[in-house]
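Visitor: Here it is: the structure, laid out below.
The values are calculated or read from the model by the stated rules, or taken from the named source; none is laboratory data. Because the structure is a prediction, the values reported are computed rather than measured. Reconstructed Cβ throughout: ideal geometry from the backbone, glycine too, with neighbour counts over all protein chains shown. Just so you know, the surface numbers come from the protein's heavy atoms only, side chains and all, with ligands and any DNA or RNA stripped out. Shrake-Rupley method; radii C 1.70, N 1.55, O 1.52, S 1.80 Å.
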Amino acid sequence: MAPTAPTQRPTMRHSSAFLLPSTAPSSPAPGPDDAAVAVVVLNQPLPRFAPLLWSRAAVRVCADGGANRVFDGMPALLPGQDPDEVRASYKPDVIKGDMDSVRPEVKEHYSNLGTRIVDESHDQDTTDLHKCIAFIAENYSATNKSNQLSILVLGALGGRFDHEMGNINVLHLFPSINIVLLSDDCLIFLLSKMHTHEIHVEKSIEGPHCGLIPIGMPSTSTTTTGLRWNLDNTSMSFGGLISTSNIVEEDKLTQ
Ligand SMILES: Nc1ncnc2c1ncn2[C@@H]1O[C@H](COP(=O)(O)OP(=O)(O)OP(=O)(O)O)[C@@H](O)[C@H]1O
Ligand SMILES: Cc1ncc(C[n+]2csc(CCO)c2C)c(N)n1
């Protein structure tokens, strides 16, 4: 019998250039060839780089109580500026969720400025983040055919563990969308098995640590380049090997 040809998986490119200040001398900030960015704000303290990412985003969505964080937190992160002006400039396009956390005066404030309010209080089986990603996938990904859309989720890590797990589950629910979960200290994304992956590391702002964690299911065979402890056709699972405290050695990692 003839050997089966190896199946070609498309390559997904990952870059955190969206976090670079526009004044960085060596690496340019995101340009026209970079992915279009959508920002989702969760109900957690805003990361310090929230104003930068907000200003780079093509669409800004607040998950329910995330709107309170923008209302209270953007003026706090920009102390030299008038709070009312900050609130007028940092206006969400959409607030979506089951609306049990957004304060009534915050909802009214943004509604009066033209923010679209999508009340899904009837759905108590999906999280507010899930609702927001589904909304972006339905309404915005088709308009970005030439440019891959990256969805940056602010405040997704470092809070309540059940919420963190719910946030990670959303990565598995939308494996072909490039979703990045962010906090002040960490960023994570899914390396879907439908793709191979190229990760461009911005050493000025990320690393040197990089973990590969088989969350959700074991990985039967993982091969990497660019790390200090590369995997070579290695399986990973909880109860077996998982790659924590690995270290980035090159600007480009592959998996
Ligand atoms: N402590 C947290 N840690 C991580 N993510 C969070 C945390 N709190 C909220 N989130 C995220 O923000 C989204 C909106 O939060 P919000 O508090 O409005 O949700 P909720 O459904 O009312 O939560 P709860 O389970 O507390 O009723 C959630 O869907 C979740 O993704
Ligand atoms: C098995 C099961 N566990 C938990 C919930 C609760 N829940 C999950 S998502 C959500 C909405 C949060 O905004 C709520 C209340 C459920 N429905 N089903």
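Visitor: Please find, among Gly207, Gly216, the residue that is open to solvent by less than 60 Å² (accessible area, probe 1.4 Å), out of contact with any Lys or Arg (no Cβ under 7 Å at 6 or more places or on another chain), at positive phi and outside any strand (DSSP E or B). Write out each step before concluding.
Guide: On the way: Gly216 fails: open to solvent by less than 60 Å² (accessible area, probe 1.4 Å).
It is Gly207.
Visitor: Cβ contacts < 7 Å: first residue assigned by the TED database to the domain that holds Val61, restricted to segment 98-109; second residue surrounded by fewer than 16 Cβ atoms within 10 Å (Cβ to Cβ), any location; separation 6+ or different chain. Result?
Guide: That search, which allows pairs on different chains as well, returns Asp98/Ser121; Asp98/Asp123; Asp98/Gln124; Met99/Asp119; Met99/Ser121.
Visitor: Now for a separate question. Those residues that are surrounded by 13 or more Cβ atoms within 10 Å (Cβ to Cβ) and of a type in the set (S, T, N, Q), I need them from segment 219-232; list them, please.
Guide: Ser219, Thr222, Thr224, Thr225, Asn230
Visitor: Still on this model: Can you spot a residue in segment 154-167 that is assigned to a strand (DSSP E or B) and either in contact (Cβ under 8 Å) with a residue 40 or more places away in the chain or not aromatic (Phe, Trp, Tyr) (or both)? Steps first, please.
Guide: Filtering segment 154-167 for residues assigned to a strand (DSSP E or B) gives 154.
Now drop any that are not either in contact (Cβ under 8 Å) with a residue 40 or more places away in the chain or not aromatic (Phe, Trp, Tyr) (or both), which leaves 154.
Yes, because at least one residue in segment 154-167 is assigned to a strand (DSSP E or B) and either in contact (Cβ under 8 Å) with a residue 40 or more places away in the chain or not aromatic (Phe, Trp, Tyr) (or both).
Visitor: OK, next. Show the residue pairs that are 6+ apart or on different chains and have beta-carbon atoms under 6 Å apart, the first residue being within segment 117-128 and closer than 15 Å to Pro104 by Cα, the second being among the hydroxyl-bearing types (Ser, Thr, Tyr) and more than 6 Å from ligand 2 (Cβ to nearest atom).
Guide: Within 6 Å, the pairs are Ile117/Ser111.
Visitor: In segment 108-123, is there at least one residue being touching a Cys at 6+ places or on another chain (Cβ under 8 Å) and either within 16 Å of ligand 2 (Cβ to nearest atom) or under 27 Å from Ser15 (Cα atoms) (or both)?
Guide: no
Here is a yes/no grid of residues against (1) open to solvent by 40 Å² or more (accessible area, probe 1.4 Å); (2) in contact with a strand residue (DSSP E or B) (Cβ under 8 Å, 6 or more places away or on another chain); (3) aliphatic (A, V, I, L, M); (4) closer than 18 Å to Gly97 by Cβ:
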position: His122; (1), (2), (3), (4): yes, no, no, yes
position: His130; (1), (2), (3), (4): yes, no, no, yes
position: Phe135; (1), (2), (3), (4): no, yes, no, yes
position: Ser141; (1), (2), (3), (4): yes, yes, no, no
position: Gln148; (1), (2), (3), (4): yes, yes, no, no
position: Val153; (1), (2), (3), (4): no, yes, yes, yes
position: His163; (1), (2), (3), (4): yes, no, no, yes
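Visitor: Can I ask one more? Go through (1) at pLDDT 95 or above; (2) under 24 Å from Phe18 (Cβ atoms); (3) more than 16 Å from ligand 1 (Cβ to nearest atom) one by one and return the number of the condition Pro32 breaks.
Guide: The single condition Pro32 does not satisfy is (1).
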